[in-house]
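Enquirer: Below is one structure. I have some questions about it.
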Amino acid sequence: MSFKSAKSGASALGAMLLASACATSNLPQGAPPVDPLAPPTAMNTPGGGKQPVERVTDGNLVMENIPEIPAAVSEGLRQYQNVRTHSFADWTDQGILITTRFGEVSQVHHVRFPGAVRRQITFYEEPVRGADVNPEGGAFLFAKDTGGDEFYQGYLKDLEDGSVTQFTEPGTRNGGLIWSDQGDRAVWYEARDGDPDYDIMVGDPAQPSTIRVAHEGEGALFPVDFSADGGTVAVQQYISIQKSGIFTLDLQSGAFTEINPGLDVAYDGLYLLEDGSVLTSTDEGSEFKNLVRVDPATGEMTSYTDAIDWDVESYALSPDEDLVAFSINEGGLSSIKLLDMDSGMVIDGPDLPVGVTGGLVFDPMGQNVGFTFTGATSPADAYSFDVDTLELTRWTEAEVGGLDTGEFVSPTFFDYPNDDGMDIPAFVYRPESDGPHPVIISIHGGPEGQSRPYFSSTYQYWVNELGAAVVVPNVRGSAGYGKTYVSLDNGLNRKKSVEDIGALLDWIETQPDLDSDNVLVFGGSYGGYMVLASMVDYDERLAGGIDIVGISDFRTFLENTKGYRRDLRRAEYGDERDPEIAAFFREISPLRNAGEISKPLFIIQGANDPRVPASEAEQILRAVRANGGEAWFLLAMDEGHGFQKKSNRDFQSEAQTMFIRKVLDTE
């Protein structure tokens, strides 16, 4: 059992850079690739007449229609842009590793004791993902990509001499890096562009010549644990958020054996226990994911958390297998509990402030559990607690750019009704001043995501500096509210989630402190699709929208996303090769209905996006313009699915501020 194994549901990523040359509302079924930097064609402008739209390049940023940023706007954002968070990564024999940003992107830092000054130990132009320390000490594994392409490479960092070894094959995508308990080898998955099948790799990262393919996979496979003797690897196959499989891989014989085959259930991680049983989280027989122990030989299952009607979202097993620390997602808020494996007794963990936890990790002695915590008014920090005393220790203290934290606004949770008689969960940040306030509706991605009260400097800026209320819904299809709720937008029900935005607009009209005539929609990825679809369906009720790396047409998205993730997305959205689904995609396509969008639209995209290709942004930009709509455009040539580099993020927030001020009646 590898006590530092990652225990979270697997998700697939990737996309192909492709753009559509279509500039009319009569859109073709297919279009050849085009250069996203090609000169724009003449478009109809809101003022009438056809005029060329100037495309301006400034370093790595490409933009259209974005005005010059006044110094006052940049200065007003400066403190909010310099909030710095800290995420717990792993334990070392002398403190902990965290990830935080000093400069452009997040890197790995060492903190020797609680409150100590951090020491940076990785230095790259790209963000570093995670840090998994060798159980024998002296080195850790990490991953990074190039320009947001998400073709992550695996690296070994020696903590003594500072050397770094890349041990994965260039041009492949790698993840799920896990050490054996002996620290003599690691296991991970390898995916290739255009191939939906992931391979399981094993070897000593310090000696890349030892690396071999342990299993030629079928589908999306993610290693999640080593057995105590290092001879067996637990593997999870991700099919969709509602279906997955768990397997054991014998590294000597190559035998790949499914545990409890034939069940239509979801699993979330897996531990191989020394008695031959396994510990996992599953929604079998329940609306929510429970911690269970399974006997692979008989299929007999013992559930430990049936009495808790919320998802187990993260869990960690102590090195001696006596104790499990796990967190519960209670309507978006986190609590930590402890499970005694012998008695099955569950007790409350440490008292936490109101907020969200992530990434529980036992220390090598099994005495302390490290994790990341963030609240609605407190940026993320690294914490730990003692499993005997439950004493909570804060290792880092996030910086807030000199802002007065007492001015930060906490959200209020509420439900609002939709036309199908359901109550949709949401929360709202309200300014302290008298209304009515303009409203920004922020829609999460996924689509199986969940909006939770994480700290957002953006939300705080909108509320405190622009005087806007921020409403954050969890529409049908969101995770965290049971497996029935997360399925309510699948397939031909895709527009049900959009209808929930219409119902939210109805609710806003009932609130005397909110200005229902002054509403903007904002979202990224699938949330970007929701922005576009909302602007098509509720154009007359909206003032504008901000679409970040959003899907503009499901058919073109599925055809052009990376091959290693295409089947995973078809499981959620539907298969565009099915005539019924294809017809439905045409019906709900924002691209094909772009003529309905008359309000201003801001489109933001990373050129290297491997999930939602840049073509999705280019084609909706051209279609909106062709129909006489106003569109702003921002493309970062060194980014992927969302901006990671601080300079790019800073300009994005400045440009967004200019757009919001133009579209909404803000202070």
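Enquirer: Of all the residues that make up segment 583-604, how many are assigned to a helix (DSSP H, G or I) and of a type outside the set (Asp, Glu)?
Expert: 7
Enquirer: Taking the stated definitions as given, is Val224 open to solvent by 20 Å² or more (accessible area, probe 1.4 Å), in a strand (DSSP E or B), of a type in the set (A, V, I, L, M, F, W, C) and under 30 Å from Asn560 (Cα atoms)?
Expert: When the stated conditions are applied, Val224 does not pass them.
Enquirer: Could you count how many residues in segment 93-104 are at pLDDT 95 or above and either surrounded by fewer than 22 Cβ atoms within 10 Å (Cβ to Cβ) or touching a Leu at 6+ places or on another chain (Cβ under 6 Å) (or both)?
Expert: 1
Enquirer: Quick check: is even one residue across segment 145-153 part of a strand (DSSP E or B), crowded, with 22+ Cβ neighbours inside 10 Å, within 21 Å of the chain's Cα centre (by Cα) and small (Gly, Ala, Ser)?
Expert: Within segment 145-153 (the criterion being part of a strand (DSSP E or B), crowded, with 22+ Cβ neighbours inside 10 Å, within 21 Å of the chain's Cα centre (by Cα) and small (Gly, Ala, Ser)), the answer is no, since none of the residues qualifies.
Enquirer: Residues that are crowded, with 21+ Cβ neighbours inside 10 Å, touching a residue at least 60 places away in the same chain (Cβ under 8 Å), more than 25 Å from Phe643 (Cα to Cα) and touching a strand residue (DSSP E or B) at 6+ places or on another chain (Cβ under 8 Å): does segment 471-480 have at least one?
Expert: Scanning segment 471-480 turns up at least one residue that is crowded, with 21+ Cβ neighbours inside 10 Å, touching a residue at least 60 places away in the same chain (Cβ under 8 Å), more than 25 Å from Phe643 (Cα to Cα) and touching a strand residue (DSSP E or B) at 6+ places or on another chain (Cβ under 8 Å).
Enquirer: Here's a follow-up. Within segment 445-459, can you find the residues that are farther than 17 Å from Ser334 by Cβ and touching a strand residue (DSSP E or B) at 6+ places or on another chain (Cβ under 8 Å)?
Expert: Those that are farther than 17 Å from Ser334 by Cβ and touching a strand residue (DSSP E or B) at 6+ places or on another chain (Cβ under 8 Å): Gly445, Ser457, Tyr459.
Enquirer: How about segment 154-192: which of its residues are over 19 Å from Pro610 (Cβ atoms) and open to solvent by 40 Å² or more (accessible area, probe 1.4 Å)?
Expert: Asp158, Leu159, Glu160, Asp161, Ser163, Val164, Thr165, Gln166, Asp181, Gln182, Asp184, Arg185
Enquirer: Now, a different point. Taking the condition of being under 13 Å from Met530 (Cα atoms) and either surrounded by fewer than 18 Cβ atoms within 10 Å (Cβ to Cβ) or of a type in the set (D, E, K, R) (or both), how many residues in segment 481-505 meet it?
Expert: Number of matching residues: 7.
Enquirer: Which residue pairs have Cβ atoms under 8 Å apart, sit 6 or more places apart or on different chains, and have a first residue in segment 199-219 that is on the phi > 0 side of the Ramachandran plot and free of Cβ contacts under 8 Å to residues at least 60 places away in the same chain and a second that is open to solvent by less than 30 Å² (accessible area, probe 1.4 Å) and of a type in the set (Gly, Ala, Ser)?
Expert: Every condition considered, the pairs that remain are Gly203/Ala186.
Enquirer: List pairs: first in segment 247-263 and of a type in the set (Lys, Arg), second open to solvent by less than 60 Å² (accessible area, probe 1.4 Å) and not in a strand (DSSP E or B), Cβ under 8 Å, 6+ apart or cross-chain?
Expert: Matching pairs, first to second residue: none at all.
Enquirer: Tyr124 versus (1) among the aromatic types (Phe, Trp, Tyr); (2) within 23 Å of the chain's Cα centre (by Cα); (3) closer than 20 Å to Thr232 by Cα: which is the lone unmet condition?
Expert: (3)
Enquirer: Restricting attention to segment 388-427, and to residues there that are among the aliphatic types (A, V, I, L, M) and buried (at least 20 other Cβ atoms within 10 Å of the Cβ), which single residue is farthest from Gln460 (Cα to Cα)? Spell out the reasoning first.
Expert: Kept after step one, since they are among the aliphatic types (A, V, I, L, M), are these residues of segment 388-427: 390, 392, 398, 400, 403, 409, 422, 424, 426.
Still in the running and buried (at least 20 other Cβ atoms within 10 Å of the Cβ): 400, 424, 426.
On the way: Val400: 11, Ile424: 23, Ala426: 17 Å.
Ranking the candidates gives Ile424 first.
Enquirer: So, one more: Identify the residue in segment 168-202 that is among the acidic types (Asp, Glu) and part of a loop (DSSP other than H, G, I, E, B) and, among all such residues, is farthest from the chain's Cα centre (by Cα).
Expert: Filtering segment 168-202 for residues that are among the acidic types (Asp, Glu) and part of a loop (DSSP other than H, G, I, E, B), the one farthest from the chain's Cα centre (by Cα) comes out as Asp184.
Enquirer: Does Arg129 satisfy the condition of being over 20 Å from the mean Cα position of the chain (by Cα), open to solvent by 30 Å² or more (accessible area, probe 1.4 Å) and not β-branched (Val, Ile, Thr)?
Expert: For Arg129, the condition - over 20 Å from the mean Cα position of the chain (by Cα), open to solvent by 30 Å² or more (accessible area, probe 1.4 Å) and not β-branched (Val, Ile, Thr) - is not met.
Enquirer: Also, quick follow-up: Here are Gly435, Gly446: which of them is open to solvent by 30 Å² or more (accessible area, probe 1.4 Å), within 30 Å of Ser487 (Cβ to Cβ) and touching a residue at least 24 places away in the same chain (Cβ under 8 Å)?
Expert: Only one candidate qualifies: Gly446.
Enquirer: Going through segment 270-304 one residue at a time, which ones are over 16 Å from Thr232 (Cβ atoms) and assigned to a strand (DSSP E or B)?
Expert: Once the filter is applied, which keeps residues that are over 16 Å from Thr232 (Cβ atoms) and assigned to a strand (DSSP E or B), segment 270-304 yields Ser281, Thr282, Asn290, Leu291, Val292, Arg293, Met301, Thr302, Ser303.
Enquirer: Can you tell me which residue in segment 193-207 is farthest from Pro610 (Cα to Cα), limited to those that are open to solvent by 30 Å² or more (accessible area, probe 1.4 Å) and touching a strand residue (DSSP E or B) at 6+ places or on another chain (Cβ under 7 Å)?
Expert: The extreme case among them is Ala206.
The values are calculated or read from the model by the stated rules, or taken from the named source; none is laboratory data. Computed from a predicted structure; not experimentally measured. Neighbour counts run over all protein chains shown; Cβ positions are idealised from the backbone, glycine included. With ligands, DNA and RNA removed, areas are computed over all heavy atoms of the protein, side chains included. Shrake-Rupley method; radii C 1.70, N 1.55, O 1.52, S 1.80 Å.
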